[in-house]
Amino acid sequence: GCVLVVSVIEQLAQWHNSTVKAAMERLCDYIPGKYQITCHMLCCIDREMNADVVCHSLRLCKQDPGQPLCHLYAPPKKEKHSSGLFHSLACARPKCQIRAKTFMGFSSVCAFPLLANLCEKIKYVLRNKLPFEDFDGDKFSTFPTLRGYHWRGRDCNDKNTTVYPGRRPDNWDAKSDSNCNGIWGVDPKDGIPYEEKFCKGADSKGVVLLGDSAGAHFHIPPEWMTVTQMSAKSFANLPMAFSDELDWPQFSEITGFLNSTIGGWTDSLYLRLRKRNRCNHRDLQNISQNVYFPVNIAPYLSFSLARNQLLDNPAIVIYATIGNDVCNGERDTLAHMTTPKEMLSNVVQALRYLDSHLPNGSHVILTGLVDGRFLWDNLHDRYHPLGQLNKDVTYSQLYSFLDCLQVSPCSGWLTPNETLRNLTSERALQLSNVLKEIARSEKFANFDIFYMDFPLRQTAEEWRKMGGEPWQLIEPVDGFHPSQIAAALGTAITWQKALHEWPQVLGKENPFNDQIEAIFKDQGGY
């Protein structure tokens, strides 16, 4: 974090031909209110010192005994190896000593008084995967972020626990909207409730994603660190992004519902199900989390999944942890990957829980793991947004820096070691085969189960036909997650597969969609 901020300040000074102090003030002016506290403390910056030197001098970056000295940038030009950093640090530390003591008083950014309250809220939603603002406790919210309606369908009455998206209508919603799809009341022409007239027998169903950071749609806006494009407008979305854990589920491949403001376009399974049957409005849940280690989904389903087997509509559940089981930041990464035996146990455990909680007639789709060799092959020699101004930071350097810090999102794929990349993909294929076998052999009472490969190859081919290049399918800042373009193209590919191979999953097309829109166009909302 320090290296990122200092890099931006130094590049702002260079781009605007200003002092570092002026550049820092410029950046602080760009950043919304209470978030400025962190940048005002970075006054120990010298344009002659690179970000690695500054951050080690402030002791925000450290070197553990027996570990290498981690750095993003090449060592100072006068020195030809990393010992040049030691020399630079020795010169810089006296200048930064007082400021370093100030920083050491804070164990993390959450210790800053103005950010402490927000951090506590974020910690709550990270632990529970539930909305922070949920007054009736039904796991749905009228608040967008902090796991609110960006993640789950918007509640239409947060004071009534029996009113929420996805439930079967109460008395056909003749008097009020119990399932929040905006369809309620009685047709005065014949006395029939609109919900009964338009949605009875319509095979309504919701969509639930059990995913990782790719499913949550992790994204750090490149304009936050591209000084040639930077302005106050660049950071307008920073408060929202932080309170959504730097995820953008409202634009994601499975549960996206708003027009993308982060490039590309939004196309999602939810939007297509809603277009197919307007009665499905707001019936979505994105239960994904940003963790870079193998995760057993089953334990947190018990408190994060919102589905009543007796009262709610069936659901399409997408199980898509496309990288977590082979991705970690460990030095001995292979030893920390999920084994096929563990994968079988974890997934079957989750499926058994789903079978005891999903309404009858639901469907589960298991998505295979991605072949992450695509990342290194298409990015390693390109310049990262931090390196575009001076052509001094490639993705290869970024990956090495993160790996040195032992915070790499995927040590097995984000590495120059081709053998390790191949072994990681081999394990990913083994785990995908476990999922494929589960879909073939396991039977459950309340849902049928399907398998599909992660459509990376088809997505890349489709993008090439549209005139794009493969690297544009990868998030530019982290160099790891699928981009907005990849998410939208992936939706189209998945939908076509479902239409041809499992049309029963998608349900029938509702012949009353136009009538519903005409009558309730102002009540659907998000």
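Taking 0.36 nm per residue of separation and subtracting the Cα-Cα distance, full extension of the segment from residue 290 to residue 391 would add 33.3 nm.
Residue 178 exposes around 10 Å² of accessible area when a 1.4 Å probe is run over every protein chain in place. Amide H contacts for residue 284 (H built 1.01 Å from N in the peptide plane; partners 5 or more residues away or on another chain; cut-off under 5 Å): 153, 207. Taking amide H atoms as placed 1.01 Å from N in the peptide plane, the amide H of residue 365 lies under 5 Å from those of 317, 318, 319, 450, each 5 or more residues away in sequence or on another chain.
So what J values fall out for the range 366-379 if you push phi through Karplus, 6.51 cos²θ - 1.76 cosθ + 1.60 with θ = phi - 60°, rounded to Hz, Gly and Pro as x? Each residue's phi maps through the Karplus curve to give 8, 9, x, 6, 7, 8, x, 4, 3, 5, 4, 4, 9, 10 Hz. Accessible surface of the chain, 1.4 Å probe: 53 percent of it comes from carbon and sulfur atoms. Checked against a 19 Å cut-off, the cross-linked pairs 123/233; 275/521; 175/275; 139/197 give Cα-Cα distances beyond that limit for 123/233; 175/275; 139/197.
Sorted largest first by accessible area at a 1.4 angstrom probe radius, with every protein chain in place, the residues 192, 485 fall in the order 192, 485.
In plain terms, the chain from residue 62 to residue 265 could stretch by 69.0 nm, reckoned as 0.36 nm per residue minus the Cα-Cα distance.
Accessible-area rank, largest first, for 151, 172: 172, 151, with all protein chains present and a 1.4 angstrom probe. Restricting attention to the chain, close to 20% of DSSP beta bridges with both partner residues there are antiparallel. Couplings 3J(HN,Hα) for the range 236-249, derived from phi with the Karplus relation 6.51 cos²θ - 1.76 cosθ + 1.60 (θ = phi - 60°), are 4, 8, 4, x, 5, 4, 5, 6, 10, 6, 6, 10, 9, x Hz, where x marks Gly and Pro. One entry in [x] 45, 27, 20; [y] 33, 27, 25; [z] 91, 54, 37 is semi-axes √(5λ) of the Cα gyration tensor in Å calculated from the shown coordinates; its label is [x]. Which aspartates and glutamates have a Cα less than 19 Å from the Cα of residue 508, not counting those fewer than 8 places away in the same chain? Within the straight-line cut-off, residue 508 pairs with 195, 196, 203, 283, 312, 448, 517.
Between residue 117 and residue 496, the modelled label-to-label distance comes to 5.0 nm, taking each label 7 Å out from Cα in the direction of the beta carbon. When +1 charges are put on Lys and Arg Cβ atoms and -1 charges on Asp and Glu Cβ atoms, the dipole computed for the chain relative to its Cα centre reaches about 800 debye. Given R0 = 41 Å, the distance between the Cβ atoms of residue 127 and residue 308 translates into a calculated FRET efficiency of 0.95. Ligands, DNA and RNA excluded, the heavy atoms of residue 204 present near 20 Å² of accessible surface to a 1.4 Å solvent probe. Loop-located trypsin sites (Lys or Arg not before Pro) in the range 334-428 (DSSP state not H, G, I, E or B) with no more than 10 neighbouring Cβ atoms inside 10 Å: 391.
For the range 419-526, the gyration tensor built on C-alpha atoms gives an oblate shape. Its axis ratio a/c (a ≥ b ≥ c) is at least 1.5, and a/b is not larger than b/c. Under 5 Å from the amide H of residue 481 lie the amide H atoms of 475, each residue being 5 or more positions distant or on a separate chain, with H modelled from the backbone and absent for Pro and chain starts. For the range 131-143, putting each phi into the Karplus relation 6.51 cos²θ - 1.76 cosθ + 1.60 with θ = phi - 60° gives couplings of x, 6, 9, 8, 6, 9, x, 8, 6, 10, 9, 9, 9 Hz, in residue order, rounded to whole numbers and with x for Gly and Pro.
Across the protein chains, with a 1.4 Å probe defining accessible surface, the residues 384, 16 rank 16, 384 from largest area downward. Between residue 440 and residue 423, the contour length at 0.36 nm per residue exceeds the Cα-Cα span by 3.5 nm. A straight Cα-to-Cα reach below 16 Å connects residue 341 with the aspartates and glutamates 325, 426, 437, 442, residues fewer than 8 places away in its own chain not being considered.
The values are calculated or read from the model by the stated rules, or taken from the named source; none is laboratory data. Keep in mind that this is a model prediction, so the values were computed, not measured. Counting neighbours? That spans all protein chains shown, and the Cβs are built from the backbone with ideal geometry, glycine included. Keep in mind that these areas ignore ligands, DNA and RNA; they rest on the heavy atoms of the full protein, side chains included. Shrake-Rupley method; radii C 1.70, N 1.55, O 1.52, S 1.80 Å.
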